[in-house]
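Read through the structure below, which is laid out as structure tokens, and then see the notes.
The values are calculated or read from the model by the stated rules, or taken from the named source; none is laboratory data. Note that this is a predicted model, so its numbers are computed, not measured. Note that each Cβ is placed from the backbone with ideal geometry, even for glycine, and that neighbours are counted across all protein chains shown.
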Amino acid sequence: MRKNLLLAGPKATGKNILAENLAAVFCRPVWDISFHVNMDAASLIGADTFENNQVTFRPGPVSQCAARGGFGILDEINMAKNEALAVLHGILDFRRTIDVPGYSRIPLKEETRFIATMNYGYAGTRELNEALASRFVVIRMPVISSENLRRLLKNRFPRLSDKYARQYALLFADIQEKCRNGEISSKPLDLRGLLDAIQLTEMGVEAGMALDMGITNKSFDEYEQALVRDMIRGRISGKMGREKVFSQ
């Protein structure tokens with residue numbers, strides 16, 4: 001339906017995975033465009049370069065995506081600078097064109113789509129302005145449920161025992177609840193960290209030490225670290241090794 005998507009939600013809710021899977025479903029090439037402090041209009045559109053003894057235009061990711069009818073993933077769009085936002089306005093509305101200063105205008109191919117992702121409350125992020133937000137249809141990405149997390153863990157680690165797949169999923173739910181109630185920050189609420197901790201345990205690191213590295217130490221406040229360790233001890237024994245967590 002020629003709509004651009006904005007996937008909004010907390011970290012580790014699968015925003016980029018969904019965007020990449022949508023591109024795969026429609027068999028389109030993907031350009032992953034991460035916004036950061038140095039991302040400007042030239043970085044998106046392209047710039048002059050010297051090639052074969054002459055000045056030529058070197059297209060940027062947005063220009064390449066437009067010319068080839070790809071899917072452009074605009075990662076962390078609420079970190080974009082005003083100069084970069086000016087480029088996005090033209091490609092996301094009815095004009096669907098890119099104005100390249102000194103060169104011809106680049107129209108977007110019919111198949112071209114843009115999927116933006118954003119988190120709220122991170123350092124360096126800001127509120128998305130209304131003009132840009134109006135160019136997207138917005139999907140709120142839900143936080144993974146305990147049952148779906150258990151299934152994910154079993155899929156990712158087939159030898160993980162059913163008992164501890166459930167305990168790891170419940171531990172993550174405990175941390176979510178503490179974050180929701182404002183008792184701890186969102187730093188320890190890290191699904192990637194949990195997966196890393198389980199992988200380290202599978203490789204031979206004790207469960208408690210692995211969870212410290214993957215989750216607890218993501219916070220640098222000692223009081224908060226103590227709260228997280230208490231939650232971990234309530235679910236996972238720190239001295240356990242892989243022979244107990246994983247079936248042989």
request  = Name the residue, out of ARG95, ARG113, ARG105, that is at negative phi, of a type outside the set (Asp, Glu) and surrounded by 14 or more Cβ atoms within 10 Å (Cβ to Cβ).
outcome  = ARG113
ask   = Among the listed residues PHE94, PHE57, PHE114, which satisfies the condition of being of a type in the set (Phe, Trp, Tyr), in the same structural domain as ILE33 (by TED's automatic domain parsing), free of Cβ contacts under 8 Å to residues at least 40 places away in the same chain and not in a helix (DSSP H, G or I)?
value = PHE94
note = When restricted to GLU147, GLU127, the only residue acidic (Asp, Glu), touching a residue at least 24 places away in the same chain (Cβ under 8 Å), out of contact with any strand residue (DSSP E or B) (no Cβ under 7 Å at 6 or more places or on another chain) and loosely packed, with under 15 Cβ neighbours inside 10 Å is GLU127
ask   = In region 184-204, is there at least one residue being touching a Leu at 6+ places or on another chain (Cβ under 8 Å), part of a loop (DSSP other than H, G, I, E, B) and surrounded by fewer than 16 Cβ atoms within 10 Å (Cβ to Cβ)?
value = no
inquiry  = Tally up the residues in region 66-85 that are surrounded by fewer than 22 Cβ atoms within 10 Å (Cβ to Cβ), among the hydrophobic types (A, V, I, L, M, F, W, C) and under 14 Å from ALA133 (Cα atoms), please.
reply    = 2
query = MET231: over 18 Å from LEU153 (Cα atoms), in contact (Cβ under 8 Å) with a residue 24 or more places away in the chain and surrounded by fewer than 17 Cβ atoms within 10 Å (Cβ to Cβ), yes or no?
reply = no
Tally, over region 72-84, of residues that are β-branched (Val, Ile, Thr) and in a helix (DSSP H, G or I) = 1
message = Against the conditions (1) hydrophobic (A, V, I, L, M, F, W, C); (2) crowded, with 18+ Cβ neighbours inside 10 Å; (3) assigned to a loop (DSSP other than H, G, I, E, B), where does PHE220 fall short? Just the number, please.
response = (2)
message = Quick check on my filter: what residues within region 168-208 are basic (Lys, Arg) and more than 14 Å from ALA12 (Cα to Cα)?
response = LYS178, ARG180
remark   = Among VAL37, VAL87, the single one that is of a type in the set (Val, Ile, Thr), in the same structural domain as GLY9 (by TED's automatic domain parsing), assigned to a loop (DSSP other than H, G, I, E, B) and modelled with pLDDT under 85 is VAL37
